[in-house]
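What follows is a single structure, written as structure tokens, with notes after it.
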Amino acid sequence: RIAPRGRPCTHAPPRRGRPGWDAAAVASTAAAMLGTHSFAAFGNRPRGGERSVEVDPVCTLSELRLSQGGLSEASSAGRWAFTVRGDRFLYKMVRNLVGSLVKVGYGEMEGGELLEALAD
């Protein structure tokens, strides 16, 4: 489940047939993404009337942290929690950012690719 504005986002552990989970790669990539950047690569185009509004893609992430455990003790066994805090978020930015970090954790994407997306 992914939640906005600094509330924890949880991710289930690796499933069978997927590469191993590399929490260290996720943590180092997440740490490098802190600060003020253009997150245009991680935002989706809004729907409806907001579609025509120009949005500044520059956001400041103050926390992007991975920790073991779920949202509650009952659900924490074998789960990971992402905590994302920032001054503001683009439409679906947190969902896309966490999804990309999960790909880094499974070895499906290099952490450098995410950092390049911030530079573009």
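The values are calculated or read from the model by the stated rules, or taken from the named source; none is laboratory data. All of these numbers come straight from a predicted model, not from anything done at the bench.
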From the set of residues in segment 41-61 that are more than 19 Å from the chain's Cα centre (by Cα) and not acidic (Asp, Glu), which is modelled with the lowest pLDDT? Gly49
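So that you can scan it fast, the table gives a plain yes or no per residue for (1) of a type in the set (Gly, Ala, Ser); (2) modelled with pLDDT under 90:
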{"site": "Ser75", "(1), (2)": "yes, yes"}
{"site": "Arg79", "(1), (2)": "no, yes"}
{"site": "Val84", "(1), (2)": "no, yes"}
{"site": "Phe89", "(1), (2)": "no, yes"}
{"site": "Lys103", "(1), (2)": "no, no"}
{"site": "Tyr106", "(1), (2)": "no, yes"}
{"site": "Glu113", "(1), (2)": "no, no"}
{"site": "Ala119", "(1), (2)": "yes, yes"}
